[in-house]
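The structure appears right after this line, and notes come after that.
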Amino acid sequence: MGGGFIFLQPLAPEITNPIGMQKDPSRAISSDAPSVPKHIAIIMDGNGRWAKERGKSRIDGHKEGALRVRDVMRAAVNAGVKYLTLYAFSSENWERPKDEVSALMLLLKTSLQKFGNELIENQVRFMTIGDISALPQDCISEIEKLKNATSKFRDKNLVLALNYGSRDEIARAVRKMLGDAKNGGLDAENVDWKKISKYLDTSDIPDPDLLIRTSGEMRLSNYLMLQSAYAEIYFTKVCWPEFGEKELLKAIEEFGRRERRYGKTAEQLEKSC
Ligand code: FPP
C-alpha cells in the first residue's frame, strides 16, 4: 500500500450516483441510506491467478493486491461504509509455500508502515480479527502501534482478518466460555447468541451486511461464518488486483436491489415500512 491518499475525493463521473442517492459527487453517499451497507466484508481472492495470467510471480500478485486494499478502503469511506473487513491471511494460509507466507508477512508489515499515517490522518480506526499472536513479532508491533494510534476513532473502521478462520475463532471462544463457566462468570442456562457473540473476535464489530468474494470462486472459506448469517453475498469474476472503486460501487448497487428479510415474509416487511 504505497503513497499517500486522501479520503473523500470526488468519485469518477460515471459512478457518481451508483445507487441513485448521491447527488453531490464530491461527498460520500449517506451512510444513513438503507442501501449503503454499514459493514462490507471482502474475501480478496485471485492474486495468484491474476499474476500468472500476466507472467508474473504470485508475490507480484499480492503486491498489486495490497495496492487495492488502499484503493478499496478509500472508496468504501467515500461511499459511507463504516466498517470494511478484509480477509488478508487465513488460519489455513500457513500451509502455503514458506516463501509466499514470508512475502505476505513482509507485505503486511510494510503496508502498515506506509498506510498507517493515512489511516490516522483520516481518522480510521484500525482493528484486527484472528489470532495475531502467531504472526512474526515485527508484524505484531506494527499492528499494535497502529491500533493504539487509531483507537479513539469510531466512525470509519478498517478490520484486517489475520490468521483468522471461523472454526478457530469458535474454538477460542468456547475455550474462554468454558473457563468463565468454571469461574462462575458464565451461567450455562443463559447462553444465547448474544452472549456467544461477545466471545467472538468481532464482539466490537457489527455483522457484515454485504460479503464480497472476488475471482469467481463461490465459497465462504471459513470467513465470518456466523457473523454472515444474514449478509448479502456478492460474487464477482474480477480478481482482487483489478477490484477497485468501480467494482465496489457495483457491489453496493447490487446490494441496494436485494430484499433483506431476516426470516420474515415480504408481506410482513411491507407492513412494517
Ligand atoms: C488470495 O489470493 C489472497 C490472499 C491469501 C492474500 C490476500 C493478501 C493481499 C490482498 C495482499 C496483502 C494484504 C494486506 C492487507 C497488506 P490467492 O493468492 O489465493 O489467489 P489465487 O486463488 O488466484 O491463487
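With θ taken as phi - 60° and the Karplus curve 6.51 cos²θ - 1.76 cosθ + 1.60 applied, the whole-hertz 3J(HN,Hα) list for the range 38-50 is 6, 10, 10, 10, 10, 9, 7, 10, x, 4, x, 5, 4 Hz, x standing for glycine and proline. Using only side-chain charges placed at the Cβ, +1 for Lys and Arg and -1 for Asp and Glu, the dipole size of the range 144-273 relative to its Cα centre rounds to 240 debye. Potential lengthening of the chain between Ala181 and Asp99 amounts to 25.3 nm, from the contour at 0.36 nm per residue minus the alpha-carbon distance. Relative contact order for the chain: 26 percent, from Cα pairs under 8 Å spaced at least 6 residues apart, divided by residue count.
Pair-distance distribution P(r) for the chain, from all Cα-Cα distances in 10 Å bins starting at 0: 6, 27, 36, 22, 8, 1 percent. Scaled against the 2.2 N^0.38 Å expected of a compact globular protein of N residues, the Cα radius of gyration of the range 130-255 reads 1.25.
Taking other residues whose beta carbon is less than 10 angstrom from the beta carbon of Leu108, and scoring Lys, Arg as +1 and Asp, Glu as -1, yields -1.
The gain in end-to-end length when the Leu269 to Lys152 segment is fully stretched comes to 38.4 nm, 0.36 nm per residue minus the alpha carbon separation.
For Ile212, the residues 5 or more places off, or on other chains, whose built amide H falls under 5 Å of its own are Ala41, Ile42, Ile43, Tyr234.
Converting phi to 3J(HN,Hα) with the Karplus coefficients 6.51, -1.76 and 1.60 and the offset θ = phi - 60°, the range 216-232 yields x, 6, 10, 9, 9, 6, 6, 9, 6, 4, 7, 5, 8, 3, 10, 6, 7 Hz in sequence order, with x at every glycine or proline.
At 0.890 mPa s and 25 °C, plugging the Kirkwood radius over alpha-carbon pairs of the range 24-153 into Stokes-Einstein gives what diffusion coefficient in µm²/s? Here the translational diffusion coefficient equals 153 µm²/s. Sparse packing (at most 12 other Cβ atoms within 10 Å of the Cβ) combined with a DSSP loop state is found for the following trypsin sites (Lys or Arg not before Pro) in the range 98-173: Lys152, Arg154. Backbone phi angles across the range 106-118, fed through the Karplus curve with coefficients 6.51, -1.76 and 1.60 (θ = phi - 60°), yield HN-Hα couplings of 5, 5, 4, 5, 5, 5, 5, 5, 7, 7, x, 4, 5 Hz in residue order; Gly and Pro are listed as x.
Summing +1 for each Lys or Arg and -1 for each Asp or Glu among the other residues whose beta-carbon sits under 11 angstrom from that of Asn157 gives +3. The stretch between Asp131 and Ala188 holds 18.0 nm of extra length on full extension. This uses 0.36 nm per residue minus the Cα-Cα distance.
Protection proxy ranking for 210-221, 46-57, 77-88, using the average of other Cβ atoms within 10 Å per residue and placing the highest first: 77-88, 210-221, 46-57.
Rounded to the nearest angstrom and listed largest first, the equivalent-ellipsoid semi-axes of the range 76-202 from its Cα gyration tensor are 28, 20, 13. When the pairs Lys63/Lys98; Lys52/Lys250; Lys145/Lys198; Lys82/Lys114; Lys109/Lys237; Lys109/Lys145 are compared against a 19 Å limit on Cα-Cα distance, Lys52/Lys250; Lys145/Lys198; Lys82/Lys114; Lys109/Lys237 fall above it.
Since every read-out is calculated from the coordinates, none of them should be taken as a lab result. None of the values given here were measured: they were computed from a predicted structure. Backbone-built Cβ (ideal geometry, glycine too); neighbour counts: all protein chains shown.
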